[in-house]
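Asks: Below is one structure. I have some questions about it.
The numbers here are math on the coordinates, done by the rules we state, and not lab data. Computed from a prediction, not measured in an experiment: that's the story for all the values here. Counting neighbours? That spans all protein chains shown, and the Cβs are built from the backbone with ideal geometry, glycine included.
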Amino acid sequence: MKRTGPLDNPRLRIERAGQHLANLKRRVKTYQDANEGTMLYRIDQSGALTVQGLPKEAPPRIIGVLLGETIQNLRTALDYLVFALAWWDSGKFDSERKTQFPICDSLELFKSKRDVWLAGISDDHRIAIEWLQPYKGRKWLANLRDISNLDKHNIVTVTPGLVGTAVVPVGLPDLYVKAAGGFKKPGDDAVYYKAPLVVTFSKGPPVINVVEVFKAEVSAIVDAFEPEFEGWEARVPEPTVSAELLIRGPLGEAGQEPASFRASMKPRSANPETE
């Protein structure tokens with residue numbers, strides 16, 4: 001039987017986040033493909049650019065569900081990392097500890113949570129975790145925390161939108177408009193180009209891009225702590241199945257099966273009428 005390493009559990013959470021992210025990407029692409037061409041860049045004769053059109057339907061709510069599931073697995077991976085560090089540093093596997101990875105916007109808040117959330121963790125590892133805090137410049141962690149908290153209460157809102165900058169040809173002769181992907185409408189001198197539709201958070205950033213950054217950053221944090229667990233094999237015993245379990249099985253003490261089991265195994269009379 002394979003022994004479980006200290007970082008296997010956080011990495012399993014990251015792996016699970018990746019599975020949700022792959023599903024999220026498929027759902028987003030399906031929505032974007034179904035609404036391709038609904039949003040347009042319009043360029044009038046003066047060169048002024050406006051965006052016209054919106055999809056008839058909002059992104060399906062399952063996108064918000066998958067987004068939340070991805071985020072929660074990444075957030076939990078960081079909590080699992082702290083639990084592993086507490087076990088390693090203290091030498092005690094204490095499931096009653098209220099450990100979690102702190103994500104604090106100020107030094108004062110970090111200090112107020114440190115002794116509970118980082119119980120059992122060495123000073124060096126506390127310093128390393130503090131270095132990762134949003135007030136030290138890791139603003140993406142604050143975003144991860146905020147989205148995680150929103151998802152605990154309701155599906156995270158996503159919307160169709162446009163992001164970034166676009167290079168749109170202006171002033172081309174009609175001969176070249178079509179070649180550049182543009183078209184005109186009858187009775188309208190303006191030129192239209194399809195605007196790339198993306199699924200974004202309510203405040204603008206594209207969902208997929210943001211979650212990919214979160215996944216890469218959480219993975220990097222877990223990997224960075226791997227050298228701290230050098231020699232873990234010597235501290236984790238080989239997994240075994242006790243002889244007692246092999247003898248009595250999972251139903252109870254040897255010869256003492258649960259009452260429900262005994263009832264189901266009650267011998268039946270050869271003559272049902274005598275029962």
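Asks: How far is it, in nm, from the label point at Leu49 to the one at Val116 when both lie 7 Å from their Cα along the line to the Cβ?
Replies: Computed distance between label sites Leu49 and Val116 equals 5.1 nm.
Asks: Summing Lys, Arg as +1 and Asp, Glu as -1, what charge do residues with Cβ under 13 Å from the Cβ of Glu36 carry, Glu36 excluded? All intermediate terms of the calculation are to be shown ahead of the outcome.
Replies: Numbers: positive: Lys29, Lys56, Lys194; negative: Asp33.
Result for the local shell: +2.
Asks: Which length gain, in nm to one decimal place, applies between Asp33 and Asn149 when the Cα-Cα distance is subtracted from 0.36 nm times their residue separation? Show your work: numbers first, answer last.
Replies: Values: separation 116, 0.36 × 116 = 41.76 nm, distance 3.05 nm.
Length difference between fully extended and current span is 38.7 nm.
Asks: Given 25 °C and 0.890 mPa s, how large is the Stokes-Einstein diffusion coefficient of the range 1-132 in µm²/s, with Rh as the Kirkwood radius over Cα pairs?
Replies: Numbers: Rh = 18.5 Å.
Taking Rh from Cα pairs, D becomes 133 µm²/s.
Asks: Right, something else. With 10 angstrom as the radius, rank Asp146, Asp123 by how many other C-beta atoms surround their C-beta, starting from the fewest. It would help to have the intermediate numbers written out before the result.
Replies: Numbers: Asp146 12, Asp123 9.
Ranking Asp146, Asp123 by Cβ neighbours within 10 Å, fewest first, gives Asp123, Asp146.
Asks: FRET efficiency for Ile62 and Trp232, Cβ-Cβ distance as r, R0 = 35 Å, nearest 0.05?
Replies: Details: r = 39 Å, r/R0 = 1.12.
Taking R0 as 35 Å, the efficiency between Ile62 and Trp232 is 0.35.
Asks: Grab the eigenvalues of the alpha-carbon gyration tensor for the range 8-235, scale each by 5, take roots, and send me the semi-axes largest first in whole angstrom.
Replies: Values: eigenvalues 450, 57, 46 Å².
In descending order, the three semi-axes are 47, 17, 15 Å.
Asks: With only Lys, Arg, Asp and Glu charged, each at its Cβ (+1 for the first two, -1 for the last two), find how big the charge dipole of the range 8-235 is about the Cα centre; round to the nearest 20 debye.
Replies: Numbers: 30 positive and 29 negative charges, 151 e Å.
I would put it at about 720 debye.
Asks: What number comes out for the charge environment of Asp146, summing +1 per Lys or Arg and -1 per Asp or Glu over other residues with Cβ under 12 Å away? Spell out each step's value before the answer.
Replies: Details: positive: Arg75, Lys139, Arg145, Lys152, Lys203; negative: Asp105, Asp151.
Within the 12 Å Cβ shell, the charges total +3.
Asks: To make sure I understand the rule: partners must be lysines, Cα under 23 Å from the Cα of Lys178, and not fewer than 8 residues away in the same chain. Which ones qualify?
Replies: Partners found: Lys194.
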